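Here the structure comes first, spelled out in structure tokens, and everything after it is commentary.
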Amino acid sequence: RVLFRSYPAALGSALHALAQSVADGRLPADRQVLVAELDRVWDEMAFETPWQSAAEYRAACQALDRLCAYHRSGARQLLASEHGFEISLSLEADTADAVDESVTLRGAIDRVECDGDGSIYLIDLKSGRVTATRSEARDHVQLAAYQAAVLGGALDSLSVDP
């Protein structure tokens, strides 16, 4: 039994694992197949009440429906999923007496996609029910880190021009 600090973490991990399995072809983008896989691990998640489990199960199934629809839409070509990166970024000092430093940025981009015009899209899968507004997405720290990573060469191994 895998214990998480919270069921949102467990649910997010389960949904990301299923999305990865669809992306790499181990599982089809088929609701029945994905729900059956979710059912195999559902009892491992610790919900406080049965009604909470039922509500989250419905939400997870809806997330899987969205995943299947998105994957089948074929709007863009999948270049990579769970694309890992580790890059070093230089930080310039903002005052004359400060010292320039560098940081290592390491992580994984859920999906890297390309459209017909060659534009590159970094996709961060979210299992929650709330969609970020355009303004929230523009100010999102994780998405900003992805952008910094790309500028630092995180996609170089994919031979794309972001």
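The values are calculated or read from the model by the stated rules, or taken from the named source; none is laboratory data. Predicted model, so just to flag it, every value in this text is computed and none were measured. Cβ sites come from the backbone with ideal geometry, for glycine too, and all protein chains shown count toward neighbours. Note: areas computed on protein heavy atoms with side chains; ligands, DNA, RNA excluded. Shrake-Rupley method; radii C 1.70, N 1.55, O 1.52, S 1.80 Å.
Numerical summary
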| read-out | value |
| --- | --- |
| Top-ranked residue in segment 16-31 [being open to solvent by 40 Å² or more (accessible area, probe 1.4 Å), part of a helix (DSSP H, G or I) and of a type outside the set (A, V, I, L, M); ranked as nearest to LEU79 (Cα to Cα)] | GLN20 |
| Qualifying residue in segment 83-101 (condition: among the charged types (D, E, K, R) and assigned to a helix (DSSP H, G or I)) | no |
| Residue match in segment 76-88 (condition: touching a Phe, Trp or Tyr at 6+ places or on another chain (Cβ under 8 Å), surrounded by 15 or more Cβ atoms within 10 Å (Cβ to Cβ) and closer than 22 Å to ALA29 by Cα) | yes |
| Residue count for segment 103-118, restricted to those that are farther than 19 Å from GLU86 by Cβ and surrounded by 11 or more Cβ atoms within 10 Å (Cβ to Cβ) | 3 |
| Residue that is most open to solvent (accessible area, probe 1.4 Å), among those in segment 32-69 that are aliphatic (A, V, I, L, M), within 18 Å of LEU125 (Cα to Cα) and out of contact with any Cys (no Cβ under 9 Å at 6 or more places or on another chain) | ALA69 |
| Matching residues in segment 126-158 - criterion: being of a type in the set (S, T, N, Q), open to solvent by 100 Å² or more (accessible area, probe 1.4 Å) and in contact (Cβ under 8 Å) with a residue 24 or more places away in the chain | GLN147 |
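Conditions tested, residue by residue: (1) touching a Gly at 6+ places or on another chain (Cβ under 8 Å); (2) modelled with pLDDT under 85.
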| site | (1), (2) |
| --- | --- |
| ASP117 | no, no |
| TYR121 | no, no |
| ASP124 | no, yes |
| SER135 | no, no |
| ALA148 | no, no |
| LEU151 | no, no |
| ASP161 | yes, yes |
